[in-house]
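What follows is a set of notes on a single structure, which appears directly below.
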Amino acid sequence: IPVVNMSFGGLIGDPDASPICQAITNLRNNGTITVVAAGNAGQELTNTLPAACSDAITVGASAQDGSRTSFSNYGTLVDITAP
């Protein structure tokens, strides 16, 4: 299975109207998994792209004990966290 990793962020926009999210959806529809960083601003990531794209797997940062780091973006759109 092909995988695309996107470790950039900070773009603000409507995920439903975003060409980035549309590209991620197109990748998913063609069998590619897209993994994106939640971001490092320590804020809720609604409308932060590409982390808010519904067809991406969004990864936040955690400490070794599993708690969220202070710098990691957070919210219901984060699919998984890892140290």
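The values are calculated or read from the model by the stated rules, or taken from the named source; none is laboratory data. Quick caveat, the model's predicted, so the values are computed rather than measured. Heads up, the Cβs are rebuilt from the backbone with ideal geometry, glycines too, and the neighbour counts pull from every protein chain shown. Side chains are part of the model used for accessible areas, which takes the heavy atoms of the whole protein and leaves out ligands, DNA and RNA. Shrake-Rupley method; radii C 1.70, N 1.55, O 1.52, S 1.80 Å.
Quick notes
- Segment ASP14..THR76, full-extension length gain: 20.7 nm, with 0.36 nm per residue of separation and the alpha-carbon distance subtracted.
- Over the chain: helical MRE at 222 nm, DSSP H runs n ≥ 4 each giving -39500 (n - 2.57), nearest 500: -4000 deg cm²/dmol
- The packing ranking, built from the mean of other Cβ atoms within 10 Å per residue, places the peptides 49-60, 21-32 in the order 49-60, 21-32, highest first.
- All C-alpha pair distances within the chain, sorted into 5 Å bins from zero, spread as 3, 18, 27, 24, 15, 9, 3, 0 percent across the bins.
- A simple rule links phi to the HN-Hα coupling: the Karplus curve 6.51 cos²θ - 1.76 cosθ + 1.60 with θ = phi - 60°, which for segment 45-59 gives 9, 3, 6, 9, 9, x, 4, 8, 6, 5, 8, 9, 8, 9, 10 Hz, with x for Gly and Pro.
- Percent accessible area from carbon and sulfur atoms, the chain, protein chains only, probe 1.4 Å: 54 percent
- Between VAL4 and ILE33, THR34, VAL35, the built amide H atoms are under 5 Å apart, and every one of these is 5 or more places off in sequence or on another chain.
- For the chain, the share of DSSP beta bridges that are antiparallel, to the nearest 5, is 20%.
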